[in-house]
Every structure is written in structure tokens, then in C-alpha cells.
1. Using the Cα atoms of the chain, I'd like the radius of gyration and the largest Cα-Cα distance, Dmax, both in angstrom.
2. Relative contact order for the range 16-130 using alpha-carbon pairs under 8 Å, separation at least 6, rounded to a whole percent?
3. Name all residues of the range 32-56 having a backbone nitrogen under 12 Å from the label point set 7 Å from the Cα of Met2 along its Cα→Cβ direction, giving them as ranges.
4. For Ile45, what residues show an amide H to amide H distance below 5 Å, using hydrogens built from the backbone and excluding near sequence neighbours?
5. Just flag the GluC sites (Glu not before Pro) in the range 49-89 sitting in loop per DSSP whose Cβ has no more than 10 other Cβ atoms within 10 Å.
6. Sticking with the crude label model, points 7 Å out along Cα→Cβ, report the distance from Thr32 to Arg126 in nm, one decimal please.
7. What residue among Thr104, Thr26, Thr50 shows peak mean-square fluctuation when the chain is described by a Gaussian network model with Cα springs under 10 Å?
8. Modelled label-to-label distance, Ile24 and Lys67, 7 Å Cα→beta-carbon offset: nm?
Amino acid sequence: MMHIIQQTAPLLVPLIEEGMIYHISTKEIIRTYLESFKKENVKNIVLGCTHYPLIKHLIQAEMPEAKIFDSPSVIPESLENYLSRHPEIEKRLSRSGARRYMTTDNPKKFKKFAQDFLKIDIKSERAILT
């Protein structure tokens, strides 16, 4: 039988976006959010936000025995598997190498985030949702 525990973490994204990854408050908040996981002796954690891989090391430090799954570690392998089973998609893939960085937030803020954390210089555009 599998037991699933869900934990919301509304304070983490603003802290990450403000560059406070190594701030003591961030570590304390993570510790608080993981209390129920520790009590339940959780073995696997799925990070459900694109921001969380940036603090994966802090989560791992709090839960050293747990296996942590995040988008960057799961998606490429899944995509590779899917594409190997669907070779017809290969013909439709672009080879231009062009990348577009879109955000629903402030493009200047997103650009700064990319420079600070990803160490890349990008041109970001605002995505308009309809």
C-alpha cells in the first residue's frame, strides 16, 4: 500500500525568486515544511514546482535518506524514451537551435533570475495568456 503526503509550500517560490536560496529563513521554512515527511519517514519526494530544483540540495540536506524527483532529472529521460518509441516525430523537429524564453511574470525580473541562477544571458518575452 502506498501512502501519499502532500505539502504546500507557498513561501518558497517568492524566496527563490528574490535570490534568498541560502538565507537562514529559507532553510528554516524548508525544515518546517518537511516536519510531516520526517515523522512519516518519507522515502521519496516529488518536487512539484519548476523553482524547487534550485533548492533541491537544501531539501536533500534535511532529508538525506529520501530520493528526490524533480523535473530536470525526470523529464529528459522520459522525453528520450518517448521519442525513441515515436521516430516519426524526428522529421518534424526544428534544427534551427533558436530558443525563446517566455514568462507570464515581468520579463526583466525573469532575465535577472536567469543571469543570477542559470548563469546565462537571455532575452525574455512576456507570454500573453488568452
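Read-outs throughout are calculated quantities, based only on the coordinates presented, and are distinct from any laboratory measurement. Fair warning: this is a prediction, and the values are worked out from it, not measured in the lab. Cβ sites come from the backbone with ideal geometry, for glycine too, and all protein chains shown count toward neighbours.
1. 17.9, 50
2. Working: 82 pairs, mean separation 22.3, N = 115.
After rounding, I find 19 percent.
3. In the range 32-56, the label zone of Met2 (backbone N under 12 Å from the point 7 Å along Cα→Cβ) covers 44-46.
4. Residues meeting the amide H criterion: Lys67, Ile68, Phe69.
5. Details: sites: Glu62, Glu65, Glu77, Glu80, Glu88; in loops: Glu65.
Listed in order of number, the matching sites are Glu65.
6. Placing both labels 7 Å beyond Cα along the Cβ direction yields 3.3 nm.
7. Looking only at Thr104, Thr26, Thr50, the largest GNM fluctuation is found for Thr104.
8. Taking the two extended label points, one gets 3.6 nm.
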